[in-house]
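Let me begin by presenting the structure, written as structure tokens, before commenting on it.
Read-outs throughout are calculated quantities, based only on the coordinates presented, and are distinct from any laboratory measurement. None of these values were measured; they are calculated from a predicted model. Reconstructed Cβ throughout: ideal geometry from the backbone, glycine too, with neighbour counts over all protein chains shown.
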Amino acid sequence: MDIILLGPPGAGKGTQAQRLVENRGMVQMSTGDMLREAVAKGTPTGLKAKAVMEAGELVSDAIVSALIGERLDSVGASGAIFDGFPRTKHQAEALEILLAERGRKLDYVIELVVDEEALVDRITGRFTCANCGASYHDTFKLPAVEGTCDVCGSHDFKRRPDDNEQTVRTRMAEYRAKTAPILPFYEDKGLVRRVDGMANVKAVAAAIDAVLDS
Ligand code: AP5
Ligand code: ZN
């Protein structure tokens, strides 16, 4: 099963994708994670993407579509969760082609419906494990043992450079202007399912499970 998790910054795409990886063996295809990895390694893609990401703007369609294309062959029968991709009409069309070339097709586009103002708090409180990438939050999801990752036991955590309020506002404006307009493309195909992303993490997970098991 191949699905898209669609929603503005902080909607919970990454959090829910991680859960689907653990519970269903699906493969998370996060262009944000791929780009952050490229920036950390200082690859040519990373050098192009760094300033764009720090400004909260979108990296070029060609770059992100290529990143997805490179990794799609490694996705097995359990399927892919597209997280943060596609983000423009052009990327949505590129994904159709990439999937069709491999005899795959999208099963669902799950829209996480959220209140943007609440998301600013979610994002500015977010931190992740520097070792395994598990996601936490200062208020909503602290590790069970203070300062220790629940998943891997690491004591090393980090925060994203684009998680400040000003950049978050630009990221949200980009979502409204360029990403939300792709919803009708998927609505016409009958693929969109709406989930209340303001519920707690477990309730959102249950709602997504209900869609995938329907
Ligand atoms: P990307 O990494 O994709 O970031 P994003 O879309 O802004 O989304 P986030 O990762 O901020 O949020 P999320 O929805 O995953 O929320 P999370 O689960 O972490 O992109 C970053 C940048 O890369 C872009 O700005 C762009 O420059 C570039 N880029 C990436 N892809 C691109 C593309 N395709 N094209 C062009 N450019 C691209 O949750 C947030 C916090 O809330 C966490 O702390 C979490 O613990 C908490 N939380 C989650 N769910 C809940 C809940 N239900 N209740 C309470 N708290 C919750
Ligand atoms: Zn960890």
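Pick from Glu146, Glu37, Glu96: which residue has the top mean-square fluctuation in a GNM of the chain where Cα pairs under 10 Å get a spring? Most flexible of the set in this elastic network: Glu146. Largest GNM mean-square fluctuation among Gly79, Gly56, Gly69, using the chain with Cα springs under 10 Å: Gly69. Hydrodynamic analysis of the range 1-116 uses the Kirkwood radius over alpha carbon pairs. Inserted into Stokes-Einstein at 37 °C and 0.692 mPa s, it gives a translational diffusion coefficient of 225 µm²/s. Shown for Leu191, Leu35, Leu6: other C-beta atoms within 10 Å of each C-beta, ranked fewest to most, produce the order Leu191, Leu35, Leu6. For the pair Glu187 and His155, label points projected 7 Å from Cα toward Cβ lie 5.2 nm apart. In plain terms, the residue of Thr139, Thr128 with the fewest other Cβ atoms within 10 Å comes first and the most crowded comes last, giving Thr139, Thr128.
The range 54-96 and the range 127-171 have Cα centres lying 24 Å from one another. Beyond 25 Å, what share of the Cα-Cα pairs of the range 103-204 remains, rounded to the nearest whole percent? Tail fraction, whole percent: 37. For the chain, the convex hull spanned by the alpha carbon atoms encloses 119 Å³ per residue. Distances between every pair of Cα atoms in the range 58-110, grouped in 10 Å steps from 0 to the bin holding the largest one, split as 22, 63, 15, 0 percent. For the listed residue pairs Lys13/Lys48; Lys89/Lys158; Lys41/Lys105; Lys13/Lys189; Lys13/Lys50, the alpha carbons are over 30 angstrom apart in Lys89/Lys158; Lys41/Lys105.
Full extension from Glu57 to Lys41: what is 0.36 nm times the residue separation minus their Cα-Cα distance, to one decimal in nm? Working shown, then result.
Details: separation 16, 0.36 × 16 = 5.76 nm, distance 2.06 nm.
Contour length minus Cα-Cα distance gives 3.7 nm.
Phi angles of the range 141-148 translate, via the Karplus equation with coefficients 6.51, -1.76, 1.60 and θ = phi - 60°, into HN-Hα couplings of 7, 7, x, 4, 10, 3, x, 10 Hz per residue; Gly and Pro are given as x. Within the listed set Arg193, Arg36, Arg24, the Gaussian network model of the chain (springs between alpha-carbon atoms below 10 Å) gives the highest mean-square fluctuation for Arg24.
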